[in-house]
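Visitor: One structure coming up, written as C-alpha cells, with questions to follow.
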Amino acid sequence: MVHLRFPSFGPLLGLLFAATLWSPVEVSAQTDARVSFARDVKPLLARRCYACHGPDVAEAGLALHEQTASRALLDSGEFAIVPGDASASAIIERVTSDDEFMRMPPEGKPLSEKEVEILRQWIDGGAEYEKHWSFLPMTNPPVPAVKETEWVRNPIDAFVLARLEAAGLPRNGEADKRTLCRRLYYDLIGLPPTTEQLDKFVSDPAPDAYERLVDELLASPHYGEKWARHWLDVVRYAESNSFERDNPKPNVWKYRDYVIRSLNDDKPYDQFVREQLAGDELDAQYGGVTAESMTATGYYRLGVWDDEPADPVQSLADEMDDLVSTTAQAFLGLTVGCARCHDHKIDPIPQTDYYGMRAIFADVTTYGTRADQESNNQYIVEDADRLDERLTLKYIRPKALRAKHEAEQVAISRMPGVLQRETEGRNRGAILKEHLVEFFNEQEAAAYQEVVAELESIDKRLRELPPAEVVLALARCTVPAPPVYVNLRGNPHVLGDTEVQPHVPEILGGHELDVPPSAPDARSAGRRRAFADLLVDGSNPLTARVIANRVWQHHFGRGIVRSPNNFGQLGVPPTHPELLDWLGTWLVEQQWRLKPLHRLIVTSNTYRMSSAGNREALEVDPLNDLLWRFDPRRLTAEELRDSVLAVSGNLTDQVYGPSIYPTLSAEVLATQSQPGRNWESSSDHDRWRRSVYIHIKRSLAVPLLSAFDAPEPDISCEARFNTTQPAQAFALLHGQFMHEQASILAERVKRDAGIDLKAQVAETIALVLGRQATDEDIAEGLDLIGKLTANHGKSHDEALRLYCLAVMSFNEFVYLD
C-alpha cells in the first residue's frame, strides 16, 4: 500500500484522493464452477425477480421465493421452471427475449449473460431450493489438501490457499516486521507500538518472536479495552436513555467494565452469553448468581427508553422489540424483528416465532417509570444479611412515611382555611413544624411523635450501613410472567386470541422451552436461562458461527459473512463457508475461549500477508474475496483518538472505572434541547483516558469520534461504515482536541530532541509514524516549518506545533497496512 502525504496542501487532499484509491469495485470473483443456490441463485432472484414474483406478490401466478410456488402452473398455462430442463422453462425464454414487452424483468437492465447462465445451470441441475446454509448443522470439514504445503502454517492457510489455487490466483508474501508489529498492536490492543517496542521486535531474530509478541499482547489489559468496543457496538451500548431529556443510566459503565474484564479473563463465550441473558438465574454449575453475573444483565437496560411516552402500551412494545431484535442479531445473526408485524418475507420465521421469543423475555420489566426510574434497573450488591437489613429498612420506611402523612392530613383538615392554604405552598414544612401539634389531641400527638422518631431511627440506621455497590441490572422481574399474544399487524392494541408460549424459532427447532411453572416466591420465570442454554448448545447451528465470524471480521476488516448480524437468506453468503464451519467447531472444542481463536488467526500466514496490490489478482478478484492479500484499513475513531494521545505521551492508561467527559465546545453542547445538561467536567488525567471510557450520550456525539464513523448507539451496529469525507480532515486540522495534543507533542519533541531543527523533525516522525525519518521527510519538514516562520510570521515553537499537527494527519498515521 502506498501512503500518500500532502504536507504542502494539507491532509484534506490526501483524504479525498485516498477515497478514489480504496473505493471498492462492485465485482466479485466467481471461482467455483458449481452453481450454488444460496450463493448464486437466491441473491439473483431476490435482486431481480422478487419485486413482482416474491413473498408479497405473485404476478401471473409465479412466486419464486420458495420451491413449491416456483413449480406452479402459470396463468399462461406454462411452467416457469421445469426442473432438469432449462430450455423448456418459461423463465429462461422470458429473461432472454428480444421483445421488450415480453422480456423480464420489465424494468432496469436485462439479465447479463452470466446471470442467465447461472439460472440455466441451476435449472438443468434440478432447480433445488436447498436449505439455507446457516440453518444447517455446523460441520467439521476436513482441512483441504494444497500444492504449496510449505506455506500452510495452520489450517486457516489451507482453506484460503485451496481457493486461491483453484482460481489460479497468486497470493501475497509476508509483510515486513514493522508492518506486522503495528498490525498486531492495533488489532489486539488498539494502540500503536512505541518506537522502543517496534525496535525490540524488528531486531529480535528468534524464530518465535512473533508468537511471543502475540501472547504478550493477548495478556495485556488493553486487549479487553480494544475488543470490548466491538461487542459494545453490537449490543448498542450507550449511557443515556435518549428522547428529549436523555437522562443518564446510573452505573451503566459497570456493564462496560464487565465486558472488558470478561475478555481480559478469557471468559468462555458460552458463559459470557449465559451471564448477559440469564445472569440472575444461574445455578452453581455456572457460578451462581453473583455481583458479576447481575452486572452482566445490564444488557437488558442498554436500549432507548422514553420516560414520558404518549402511548405507554406502544412504547413498551417498542422497548421489548428492541430487546428481541438486538438479542437475535447479536447472538444468532438473525433479523427476527421483521416478523413483528407479519411472517418473515424471506427467512422461515413466522410471526408466532417472533412472539415466541418475546414470551421468553416476558418477565423482563420495563426500564422504569416516570415516577420511579431506578427500582427496576438498580441492583444492590452486598451479603445476604446486610441486604436483608437494608431492604427491610427501605420497606418499613414508606409505611412510616405513609402513617406520618395520614396523621398530618388529619391535623391539616382541622386548621383554619388560611393556614390550610399555606400548607400547600413552599412553606409547608415550616408551617407543619410550628402549628401541627395545635390540632392534635394528646393521644394523636403522642402517636405522631412516635412515627417521627421511628423515621429518624430508620434514616440513622440506613446512614450507618456501609455503602453498598449498586449496578445497572435486571433488578426486578415480573413473576409470574404475563401472557404474550400475537400483535395483529404489529399493533400492541390489537391482540390475537391465543396465548403464545415461549419457544425458539422454527429454524432452531421450534420447540417450546422446557421450563417448570414459577414458584410463588420465584424472582424470575426461568425462561431466559433455558434460552441461553439452547443458544450455546452444540446443536445450535448459529451461535458459534456468528461469534467466530465477528472475531474474523475485526482482524481482516470484513467477516467471512459480510453481514455479521444477518446470517439469513438476505444476508451476504460466506466467502469461505467451510473455513467458517471449521473455525466455529474449533472454537467449541476450545471450550468457547476467544483468545486461542485470536492466536490461531493472527499466527496464520493468511493474516501475515502484505497489503500490496497485484494487477492480476485485482482484475480477477478486486474485492479480495479470496484473501490473496491483507486489506489495509483506516483506524477506527477510538483508535485514532487513542493513538494521538499515545504519540503525544499524554495517554492515561488506567483500566476500568467511571466514564469520562471530554471537553466539548459551547457550540456542540448547544445541540442538546437543554445545552450541556448531564455533560460533566473531567480532569485532564481522566479525559485523556482511552476512548472506550468516554461517556456515550445519545443526544450528544463527540465530534471527532462522530466524524470518523463511531456508530449511532440506538440500534445494533454489525459493522461500522468506513467513510472518507471532508469533515474528517477538518476534525484533524481544526479540532480543539487535535490542536491541544499537537501542543503537547511539540513540547515532548523539544524535550527529547533538543533545539536542533532537523532532530526535532526526525523525532516527530519517529514518535508519530514509528519509523526513522528519511531525507525526504527531513526536507519536507524543514520546508514547512521554514514557510510558516518566514511567510506567515509564526514563531519557531508555533511552527513546530503545526508541523506536529500535520504529521498526525498523514495517511501513514491514519491508515494501517
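The values are calculated or read from the model by the stated rules, or taken from the named source; none is laboratory data. All values reported here derive from a predicted model rather than from experimental measurement. Cβ atoms come from the backbone with ideal geometry, glycine included; neighbour counts cover every protein chain shown. For the accessible areas, the whole protein counts, side chains as well, though only heavy atoms, and no ligand, DNA or RNA atoms are used. Shrake-Rupley method; radii C 1.70, N 1.55, O 1.52, S 1.80 Å.
Visitor: Tell me, yes or no, whether region 301-322 has at least one residue that is at positive phi and crowded, with 23+ Cβ neighbours inside 10 Å.
Guide: No, there is no match, as no residue in region 301-322 is at positive phi and crowded, with 23+ Cβ neighbours inside 10 Å.
Visitor: Taking the criterion of being under 29 Å from the mean Cα position of the chain (by Cα) and either charged (D, E, K, R) or at pLDDT 95 or above (or both), would at least one residue in region 771-792 satisfy it?
Guide: Looking through region 771-792, none of the residues is under 29 Å from the mean Cα position of the chain (by Cα) and either charged (D, E, K, R) or at pLDDT 95 or above (or both).
Visitor: Ok, one more. Does region 678-705 hold any residues that are more than 25 Å from residue 727 (Cα to Cα) and in contact (Cβ under 8 Å) with a residue 12 or more places away in the chain, and which are they?
Guide: 678, 680, 681, 682, 685, 686
Visitor: Something else now. Check region 312-333 and report whether any residue there is out of contact with any His (no Cβ under 9 Å at 6 or more places or on another chain), assigned to a loop (DSSP other than H, G, I, E, B) and modelled with pLDDT of 95 or more.
Guide: yes
Visitor: With respect to the numbered conditions (1) polar (S, T, N, Q); (2) over 24 Å from residue 646 (Cα atoms); (3) in contact (Cβ under 8 Å) with a residue 40 or more places away in the chain, which one is the sole condition not fulfilled by residue 760?
Guide: It fails just one condition, (2).
Visitor: Does residue 212 fit the bill of being under 23 Å from residue 634 (Cα atoms) and either outside any strand (DSSP E or B) or in contact with a Lys or Arg (Cβ under 8 Å, 6 or more places away or on another chain) (or both)?
Guide: no
Visitor: I'd like the full set of residues that are assigned to a loop (DSSP other than H, G, I, E, B) and of a type in the set (Lys, Arg), limited to region 117-156.
Guide: 131, 147, 153
Visitor: Continuing with the same structure: Which of (1) aliphatic (A, V, I, L, M); (2) touching a helix residue (DSSP H, G or I) at 6+ places or on another chain (Cβ under 8 Å); (3) under 25 Å from residue 299 (Cα atoms) does residue 470 not meet, given it meets every other one?
Guide: Checking residue 470 against (1) aliphatic (A, V, I, L, M); (2) touching a helix residue (DSSP H, G or I) at 6+ places or on another chain (Cβ under 8 Å); (3) under 25 Å from residue 299 (Cα atoms), the one that fails is (2).
Visitor: Which members of region 716-735 meet the condition of being in a loop (DSSP other than H, G, I, E, B) and of a type outside the set (A, V, I, L, M, F, W, C)?
Guide: Within region 716-735, 716, 718, 720, 722, 723, 724, 725, 735 qualify.
Visitor: Quick check on residue 359: is it in a helix (DSSP H, G or I), among the aliphatic types (A, V, I, L, M) and either open to solvent by less than 10 Å² (accessible area, probe 1.4 Å) or out of contact with any His (no Cβ under 9 Å at 6 or more places or on another chain) (or both)?
Guide: yes
Visitor: Among the residues of region 375-386, what is the count of those that are in a loop (DSSP other than H, G, I, E, B) and more than 14 Å from residue 302 (Cα to Cα)?
Guide: 3
Visitor: Restricting region 163-180 to residues that are assigned to a helix (DSSP H, G or I), out of contact with any Lys or Arg (no Cβ under 9 Å at 6 or more places or on another chain) and not hydroxyl-bearing (Ser, Thr, Tyr), which is nearest to residue 645 (Cα to Cα)?
Guide: Restricting to residues being assigned to a helix (DSSP H, G or I), out of contact with any Lys or Arg (no Cβ under 9 Å at 6 or more places or on another chain) and not hydroxyl-bearing (Ser, Thr, Tyr), the top hit is 177.
Visitor: Something else now. Mind counting the residues in region 51-87 that are open to solvent by less than 20 Å² (accessible area, probe 1.4 Å) and among the hydroxyl-bearing types (Ser, Thr, Tyr)?
Guide: 1
Visitor: Something else: Which count do you get for residues in region 243-265 that are part of a loop (DSSP other than H, G, I, E, B) and under 19 Å from the mean Cα position of the chain (by Cα)?
Guide: Counting residues in region 243-265 that are part of a loop (DSSP other than H, G, I, E, B) and under 19 Å from the mean Cα position of the chain (by Cα) gives 2.
Visitor: Please go through (1) crowded, with 18+ Cβ neighbours inside 10 Å; (2) of a type in the set (Lys, Arg); (3) over 30 Å from residue 567 (Cα atoms) for residue 178 and return the number of the only condition it doesn't satisfy.
Guide: Going through the list (1) crowded, with 18+ Cβ neighbours inside 10 Å; (2) of a type in the set (Lys, Arg); (3) over 30 Å from residue 567 (Cα atoms), residue 178 breaks only (1).
Visitor: Looking only at region 217-240, decide whether some residue is of a type in the set (Phe, Trp, Tyr), at pLDDT 95 or above, on the phi < 0 side of the Ramachandran plot and part of a loop (DSSP other than H, G, I, E, B).
Guide: Yes, there is a match, as at least one residue in region 217-240 is of a type in the set (Phe, Trp, Tyr), at pLDDT 95 or above, on the phi < 0 side of the Ramachandran plot and part of a loop (DSSP other than H, G, I, E, B).
Visitor: For region 590-621, give me the residue count where each residue is over 26 Å from the mean Cα position of the chain (by Cα), over 20 Å from residue 148 (Cα atoms) and not hydrophobic (A, V, I, L, M, F, W, C).
Guide: 5
Visitor: How many residues does region 149-185 contain that are among the acidic types (Asp, Glu) and touching a helix residue (DSSP H, G or I) at 6+ places or on another chain (Cβ under 7 Å)?
Guide: Qualifying residue count, region 149-185: 1.
Visitor: Examine region 148-158 for a residue that is among the polar types (S, T, N, Q), under 30 Å from residue 348 (Cα atoms) and open to solvent by 20 Å² or more (accessible area, probe 1.4 Å), and state whether such a residue exists.
Guide: Looking through region 148-158, none of the residues is among the polar types (S, T, N, Q), under 30 Å from residue 348 (Cα atoms) and open to solvent by 20 Å² or more (accessible area, probe 1.4 Å).
Visitor: Scan region 334-344 for residues that are over 14 Å from residue 507 (Cβ atoms) and over 26 Å from the mean Cα position of the chain (by Cα) and report the count.
Guide: Summing the residues that are over 14 Å from residue 507 (Cβ atoms) and over 26 Å from the mean Cα position of the chain (by Cα) in region 334-344 gives 1.
Visitor: Out of all the residues in region 488-531, which are aliphatic (A, V, I, L, M), under 22 Å from residue 316 (Cβ atoms) and not in a loop (DSSP other than H, G, I, E, B)?
Guide: The answer is 488, 495.
Visitor: Show me the helices (runs of 4 or more DSSP H) found entirely inside region 539-650 where at least 2 residues are of a type in the set (Val, Ile, Thr), surrounded by 19 or more Cβ atoms within 10 Å (Cβ to Cβ) and modelled with pLDDT of 95 or more.
Guide: 543-556, 594-602, 637-647
Visitor: I'd like the full set of residues that are part of a loop (DSSP other than H, G, I, E, B), at negative phi and surrounded by fewer than 18 Cβ atoms within 10 Å (Cβ to Cβ), limited to region 278-288.
Guide: 283
Visitor: In region 462-487, which residues are outside any strand (DSSP E or B) and exposed (fewer than 15 other Cβ atoms within 10 Å of the Cβ)?
Guide: Residues satisfying the conditions are 462, 463, 464, 465, 466, 467, 468, 478, 480, 482, 483.
Visitor: Within region 609-623, can one find any residue that is in contact with a helix residue (DSSP H, G or I) (Cβ under 6 Å, 6 or more places away or on another chain) and of a type outside the set (Val, Ile, Thr)?
Guide: no
Visitor: Would region 508-528 turn up any residue that is open to solvent by less than 50 Å² (accessible area, probe 1.4 Å), touching a Leu at 6+ places or on another chain (Cβ under 7 Å), closer than 25 Å to residue 156 by Cα and modelled with pLDDT of 95 or more?
Guide: no
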